[in-house]
Amino acid sequence: MFGGVASRRIGYGKVILRKRIALGDGGCEVAIYFKPTEEEDEIVYEDIPITPEQGDPFNWEEDAITALNNELRKSDEMVMELLKELERLREEVEEMKGNVSTSTS
């Protein structure tokens, strides 16, 4: 996403994902270069058009709109599953806290 935005706005973006929570890091660290550089090798985005072909949603075919809607629905479902999992983990932590306080009393 970062590289695409940079490329569309200024014509170039190189994105380096230095740290990622998904890989076990304590946080995320992203570097974005707006000019070509030999520092750090990663993904380069150059001269991405502002609007792709078929970029006007008023000209999209019905099946493209349906496919987009299905992808958005899947994303919503994934978010809801993640929220359920977070709630379950929160409850486990609260239960563990309760067990620790009763065993130390």
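The values are calculated or read from the model by the stated rules, or taken from the named source; none is laboratory data. Quick caveat: nothing in here was measured; it's all calculated off a predicted structure. Note: ideal-geometry Cβ built from the backbone for every residue, glycine included; neighbour counts use all protein chains shown. SASA here: full protein model, heavy atoms, side chains in, ligands and nucleic acids out. Shrake-Rupley method; radii C 1.70, N 1.55, O 1.52, S 1.80 Å.
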Problem set entry | Test result for Thr37, at pLDDT below 75, within 23 Å of Gly4 (Cα to Cα) and either open to solvent by less than 90 Å² (accessible area, probe 1.4 Å) or out of contact with any Leu (no Cβ under 7 Å at 6 or more places or on another chain) (or both) | no
For this session: Pairs only if they're at least six apart or on different chains, beta carbon under 6 angstrom, first in the stretch 17-42 and among the β-branched types (Val, Ile, Thr), second open to solvent by 90 Å² or more (accessible area, probe 1.4 Å) and outside any loop (DSSP other than H, G, I, E, B); list them, first residue then second.
Result: Ile32/Phe2
For this session: Keeping to the stretch 48-76, report how many residues are over 22 Å from the mean Cα position of the chain (by Cα), under 17 Å from Gly4 (Cβ atoms) and modelled with pLDDT of 70 or more.
Result: 0
Problem set entry | Verdict on Ile43 being touching a Lys or Arg at 6+ places or on another chain (Cβ under 9 Å) and either at pLDDT 85 or above or within 26 Å of Lys19 (Cα to Cα) (or both) | yes
